[in-house]
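The values are calculated or read from the model by the stated rules, or taken from the named source; none is laboratory data. Note that the coordinates shown come from a computational prediction; the quantities given were computed from them, not determined experimentally. Heads up, the Cβs are rebuilt from the backbone with ideal geometry, glycines too, and the neighbour counts pull from every protein chain shown. What goes into the accessible areas is simple: the full protein's heavy atoms, side chains included, and nothing from ligands, DNA or RNA. Shrake-Rupley method; radii C 1.70, N 1.55, O 1.52, S 1.80 Å.
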Amino acid sequence: MEKKIKKSVATLLAHIIKMDDRDIEKETPLFCKFMEMDFDWDAEEAKEFLKRTIEEGYDLDAHIAIINEALCDDKLSKMHILEQLNHIIYSDTITPKDYEEFEKIKKALFSC
């Protein structure tokens, strides 16, 4: 289950980068930093995951459901995930679409 949670959180962060057509090369170091800090992934592993996820696609709702199932009563961990999402959003130009997506994800994460 822990591996699934890691993949789901990483996918959620990659989603923010992909959703806004952000400069992937510019965002990669921040993504790698979060993956190394939280999941002990090395930079190459994180870069490859980000690239693959953006190219192949994903089911965001399924990944949010995995996070919810694993962290249902762990509001602090959910807040930490939202903090990281917010950090990625603020690392580039912010749009109303960013706020809408953040709120949608926040609502979904705290649905249980």
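The table below gives the values:
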item	result
Residue within the stretch 83-90 that is closer than 16 Å to residue 109 by Cβ, polar (S, T, N, Q) and open to solvent by 40 Å² or more (accessible area, probe 1.4 Å) present	yes
Restricting the stretch 6-23 to residues that are on the phi < 0 side of the Ramachandran plot and acidic (Asp, Glu), the residue that is surrounded by the fewest Cβ atoms within 10 Å (Cβ to Cβ)	23
Subset of the stretch 24-37 (residues that are touching a residue at least 40 places away in the same chain (Cβ under 8 Å) and either under 15 Å from residue 12 (Cβ atoms) or surrounded by 16 or more Cβ atoms within 10 Å (Cβ to Cβ) (or both))	27, 30, 31, 34
Of residues in the stretch 91-112 being over 14 Å from residue 17 (Cα atoms) and among the small types (Gly, Ala, Ser), the one most open to solvent (accessible area, probe 1.4 Å)	111
Some residue of the stretch 56-72 being at positive phi and open to solvent by 90 Å² or more (accessible area, probe 1.4 Å)	no
Yes/no for residue 40 being surrounded by fewer than 16 Cβ atoms within 10 Å (Cβ to Cβ) and either on the phi > 0 side of the Ramachandran plot or touching a residue at least 12 places away in the same chain (Cβ under 8 Å) (or both)	yes
